[in-house]
Number of protein chains: 2
Amino acid sequence: MDKKILGVDWGTSNRRAYLVDQHGACLAEHEDGLGMLAVGGRERFSGALAGLLETMDVGREVPVIMSGMVGSASGWQEVPYLDSSVPLRELPAHLAPVADADWAGRCHIVPGYCHRDGGAVDVMRGEETQLLGAVALGHRDGWLVLPGTHSKWVLLRDGLIQSMSTYMTGELFAMLSAGGTLSSMMGGDASDVEGYAIGLAQARRNEPLSNTLFRVRAGVVSRSAPAAQAPAVVSGLLIG
Amino acid sequence: MDKKILGVDWGTSNRRAYLVDQHGACLAEHEDGLGMLAVGGRERFSGALAGLLETMDVGREVPVIMSGMVGSASGWQEVPYLDSSVPLRELPAHLAPVADADWAGRCHIVPGYCHRDGGAVDVMRGEETQLLGAVALGHRDGWLVLPGTHSKWVLLRDGLIQSMSTYMTGELFAMLSAGGTLSSMMGGDASDVEGYAIGLAQARRNEPLSNTLFRVRAGVVSRSAPAAQAPAVVSGLLIG
């Protein structure tokens, strides 16, 4: 009989599930908006997972491995972060069994990582599983960039996390677009190349973001810069 | 007969009016939430000003001088920015008469300032009137800090604006408190001295704000830092 597992990337806003056979081939996948926030409470994850299996027509005998915010304090069950001195290859030995009696023995949560560098602390939940995938594909060394709402830059050395920095790039862009002083000029094309380059160049000067963001507005209202370029400049300021 | 003027600081969210006699004494003042956004449209400023005079029992013969966003493109009438090479003392010569026939000759708007420093542009509307007040009180030289939603640092030299930088400090703090990743930990005391000092020290290292803000969250969820201190740390990061 073929062995299968169901991998679930259960994040804050979305969940993505992949049914994988013993050779690593993906047999089926499913994505929906039933992320941690939409599930809405610890006691509702069991039903949400049962619904996912039903939707994907996956039997209850298939082991389930979940990563992401499902293992946070606001998720199904809080799983402590691993220290970054633990190699990614050892993640399988640190899976946390789900305590819920309905799922005992069949369902595990991948722990996130915590990295301490002097006084600075950074954390991830979910990205460690992507990093293990990179390691499995042979990328054991070098920088990996995981863009998104919270972009992460991770330096791997021999399959160990050496450095980890998270940037709230996507979240800040969304906030500035949704309301406040800049939002009225955020309707343009954020991928405008010239505006993006201007933002990157300004970011390189290392001035405070609270000032450079206002200067985007000052440029537009003083007619020194085109409003249509503003979102691309902001994008460059945040990413740069 | 005593001469009087009514000065109105008409901003984005609020308006403040001061009835002043010829000796500079304040005879009456009024503040309400009928800022530019609440007035809601160019053609409604005339009525909004008439209402203010009625509320304050000020006769229509009293000259009105208005500063702030009332002179912006979204205000009553757009008044071009003065270049910062124009001394603050010359502001009275640059008042823009309100074109509205109901107010002709009796009502003026103070222009804002635009300061260009190489490629960087910054602007103000309303603060120039406060700066003129400072100059009138003898403060013709040195740094003036005008804290708020958009904090401004202004360097005066002999009553001229030499340098001007605006920081969206208050706006970013409000955004981060209202929603998103940090908001759940922003309920504490933003004036906690220790947390504020931590934020200031981090800000001094000149690291990207999108990263240092996330690290506030990482510190809390990894139990390395108390959640109650988070708002004060964020405050220090933004102000520092």
- Note on the structure: Taking the convex hull of the alpha-carbon atoms of the stretch A:169-239 and averaging its shadow over every direction gives an area in square nanometres of 4.0
- Considering only the label points, 7 Å along Cα→Cβ from Cα, what distances in nm to one decimal separate B:V193 from the same position in each other copy, shortest first? 5.6
- Note on the structure: Note on chain B: contact order normalised by length, alpha-carbon pairs under 8 Å, 6 or more apart, percent, works out to 12
- Item | Label-point separation, A:Q130 to A:A174 (7 Å along Cα→Cβ), nm | 1.4
- Query: Looking at the protein assembly as shown, what % of its DSSP beta bridges pair antiparallel, to the nearest 5?
  - Reply: 80
- Item | C-alpha long axis of helix A:209-221 to longest principal axis of chain A, angle in ° | 50
- Query: Which percentage, to the nearest 5, of the DSSP beta bridges contained in the stretch A:4-137 is antiparallel?
  - Reply: 70
- Item | For the stretch A:134-141, 3J(HN,Hα) per residue [Karplus equation, 6.51 cos²θ - 1.76 cosθ + 1.60, θ = phi - 60°, Hz, x = Gly/Pro] | 4, 4, 4, 8, x, 8, 9, 9
- Rounded to the nearest 5, the percent of antiparallel DSSP beta bridges in chain A equals 80
- Note on the structure: With 0.36 nm assigned to each residue of separation and the Cα-Cα distance removed, B:L37 to B:V62 gains 6.4 nm
- Quick calc: nm separation of the 7 Å Cα→Cβ label points for A:S184 and A:W153 -> 3.5
- Can you tell me the Rg and Dmax of the protein assembly as shown, counting just the alpha carbons, in angstroms? 28.1, 104
- Across peptide B:108-114, what mean number of C-beta atoms from other chains lies inside 10 Å of a residue's C-beta? 1
- Virtual paramagnetic centre 7 Å along Cα→Cβ of A:D2, amide N under 15 Å, in the stretch A:46-70: A:57-59, A:62-63
- Task: Quick one: plug the Kirkwood hydrodynamic radius of the stretch B:4-138 (C-alpha pairs) into Stokes-Einstein at 4 °C, 1.567 mPa s, and report D in µm²/s.
- Result: 85
- Take every residue in peptide B:168-174, count the Cβ atoms of other chains within 10 Å of its Cβ, and give the average of those counts. 5
- Alpha carbon convex hull of chain B, projected area averaged over orientations, nm²: 15.4
- Query: Between B:H23 and A:C26, what is the spin-label point distance in nm, taking each point 7 Å from the Cα along the Cα→C-beta axis?
  - Reply: 8.1
- Query: Looking only at other chains, what is the average number of their beta-carbon atoms within 10 angstrom of each beta-carbon in B:119-127?
  - Reply: 5
- Message: Cross-link candidates for A:K3: which aspartates and glutamates have Cα within less than 18 Å, leaving aside residues fewer than 8 places away along the same chain?
- Response: A:D21, A:E29, A:D57, A:E61
- Message: Once the label point is set 7 Å along the Cα-to-beta-carbon vector, what list of distances in nm do you get between B:A174 and its counterparts in the other copies?
- Response: 2.2
- Query: For label points placed 7 Å from Cα toward Cβ, what is the shortest-first list of nm distances from B:R140 to its copies?
  - Reply: 7.3
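Taken together, the values in this text are just the output of simple stated rules run on the coordinates, not laboratory data. Here the structure is a predicted model, which is why all the values come from computation and not from measurement. We place every Cβ from the backbone using ideal geometry, glycine too, and count neighbours over all the protein chains shown.
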